[in-house]
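Enquirer: If you scroll down you'll find the structure; I have some questions about it.
Throughout, read-outs are computed from the coordinates displayed, never taken from laboratory work. Computed from a predicted model, the values in this text were never measured in an experiment. Because the Cβ atoms are built from the backbone with ideal geometry, glycine has one as well, and the counts that use them run over all protein chains shown.
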Amino acid sequence: QQQVKQSPQSLIVQKGGISIINCAYENTAFDYFPWYQQFPGKGPALLIAIRPDVSEKKEGRFTISFNKSAKQFSLHIMDSQPGDSATYFCAASKGGDMRFGAGTRLTVKP
Amino acid sequence: GAVVSQHPSWVICKSGTSVKIECRSLDFQATTMFWYRQFPKQSLMLMATSNEGSKATYEQGVEKDKFLINHASLTLSTLTVTSAHPEDSSFYICSAPRQYGYTFGSGTRLTVV
């Protein structure tokens with residue numbers, strides 16, 4: 001069952017632009033919301049994560065915005081670069097139960 | 001730190017044979033290991049959760065007799081795909097929970113011919 005809904009499915013952005021990926025969750029018990037970056041043939045790598053007690057977290061060019069009341073969170077990639085081209089997964093977890101979004105294939109054009 | 005080493009990275013096997021995938025936690029003890037399957041261009045789907053010293057917990061629809069999971073030590077969890085068939089071809093990934101997030105293995109690409 002898809003407990004975490006992610007959009008868009010694919011995204012094309014020009015170099016230097018802003019990439020925005022959105023996720024919505026259903027289970028209010030989730031207390032940890034990570035974003036993972038995955039390159040072809042590789043396992044996911046943690047990019048940035050947030051807990052529901054904060055509304056925003058920024059690490060370099062990556063920012064998570066979190067809206068607890070709407071049960072939504074998003075990833076913003078500022079100054080997108082061709083090297084950012086990958087598949088991005090949002091996830092939500094409670095304890096050891098982590099559920100992933102369907103993924104967004106990001107392509108950053110030079 | 002917090003590295004999970006997964007082997008093999010890819011394997012091709014004949015239909016009907018069994019394949020074992022290993023995940024080792026290199027610098028920490030993993031009492032729990034999650035096993036995921038990922039089909040091309042799709043998300044990660046949790047298959048099962050292994051716990052050291054006890055039976056694995058399987059997600060609904062995952063055949064426990066086909067996907068054998070063993071977590072015999074605090075640093076090793078294995079997934080054995082028994083009597084593999086072409087429809088089992090997929091990318092298998094393990095993950096261990098940490099204090100601040102989860103550490104994933106590099107994945108195993110299984111192709112059954």
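Enquirer: Dipole magnitude of chain A about its Cα centre, charges +1 at Lys/Arg Cβ and -1 at Asp/Glu Cβ only, in debye to the nearest 20? Please list the in-between numbers first.
Expert: On the way: 13 positive and 8 negative charges, 35 e Å.
Here chain A has a charge dipole of around 160 debye.
Enquirer: Related question: Roughly how crowded by other chains is peptide A:98-105, in terms of the mean Cβ count from those chains within 10 Å of each of its Cβ atoms? Before the final figure, lay out each step's value.
Expert: Numbers: counts 8, 4, 7, 2, 4, 5, 0, 1.
That average works out to 4.
Enquirer: Another question, if that's okay. Report the one residue of A:Pro8, A:Ile48, A:Tyr32 whose Cα lies farthest in the direction of the positive end of the charge dipole of chain A (charges on C-beta: Lys and Arg +1, Asp and Glu -1; origin at the Cα centre).
Expert: Final value for the positive-end residue is A:Pro8.
Enquirer: Can you give the charge dipole size of chain B about its Cα centre, rounded to the nearest 20 debye, using +1 on the beta carbon of Lys and Arg and -1 on the beta carbon of Asp and Glu? Could you put the intermediate results ahead of the total?
Expert: Details: 10 positive and 8 negative charges, 29 e Å.
Dipole magnitude for chain B comes out near 140 debye.
Enquirer: Using a Förster distance of 35 Å, how high is the FRET efficiency between A:Ser69 and B:Ser54, based on the Cβ-Cβ distance and rounded to 0.05? Before the final figure, lay out the partial values.
Expert: Numbers: r = 39 Å, r/R0 = 1.11.
With R0 = 35 Å, the Cβ-Cβ based efficiency is 0.35.
Enquirer: Please report the antiparallel percentage of the DSSP beta bridges confined to chain A, to the nearest 5. Could the numbers behind the result be given before it?
Expert: Numbers: 37 of 42 bridges.
Here the antiparallel bridges make up roughly 90 percent for chain A.
Enquirer: Right, here's the next one. For A:Val108, what residues show an amide H to amide H distance below 5 Å, using hydrogens built from the backbone and excluding near sequence neighbours?
Expert: Residues meeting the criterion, in which the H sits 1.01 Å from N, are A:Val13, A:Ser85.
Enquirer: Once you average over the residues of B:8-20, how many Cβ atoms of partner chains fall within 10 Å of each Cβ?
Expert: Working: counts 0, 3, 1, 0, 0, 0, 0, 0, 0, 0, 0, 0, 0.
Shielding by partners across B:8-20 averages 0.
Enquirer: Percent relative contact order of segment A:42-84, based on C-alpha pairs within less than 8 angstrom and at least six residues apart? Display every interim value, and only then the final one.
Expert: On the way: 48 pairs, mean separation 11.3, N = 43.
About 26 percent, as a whole number.
Enquirer: Which whole-number percent gives the relative contact order of chain B, counting Cα pairs below 8 Å spaced six or more residues apart?
Expert: Working: 286 pairs, mean separation 42.0, N = 113.
Taking the mean separation of contacting Cα pairs over the length of chain B, I get 37 percent.
Enquirer: Moving to a separate point now. Which of the cysteines in chain B are isolated, no other cysteine C-beta under 4.7 Å?
Expert: B:Cys13
Enquirer: Partner chain Cβ atoms within 10 Å, averaged over the residues of B:43-49 - can you pull that number for me? Walk me through the numbers on the way to the answer.
Expert: Details: counts 13, 12, 2, 4, 0, 0, 2.
That works out to 5 on average.
Enquirer: Using +1 on the beta carbon of Lys and Arg, -1 on that of Asp and Glu, and nothing else charged, what's the dipole of the protein assembly as shown about the Cα centre, debye to 20?
Expert: Values: 23 positive and 16 negative charges, 76 e Å.
Magnitude of the dipole: close to 360 debye.
Enquirer: Still on this structure: Just want to confirm a number: the relative contact order over chain A, from Cα pairs under 8 angstrom separated by 6+ residues, in percent.
Expert: Values: 275 pairs, mean separation 41.5, N = 110.
It comes to 38 percent, rounded to a whole number.
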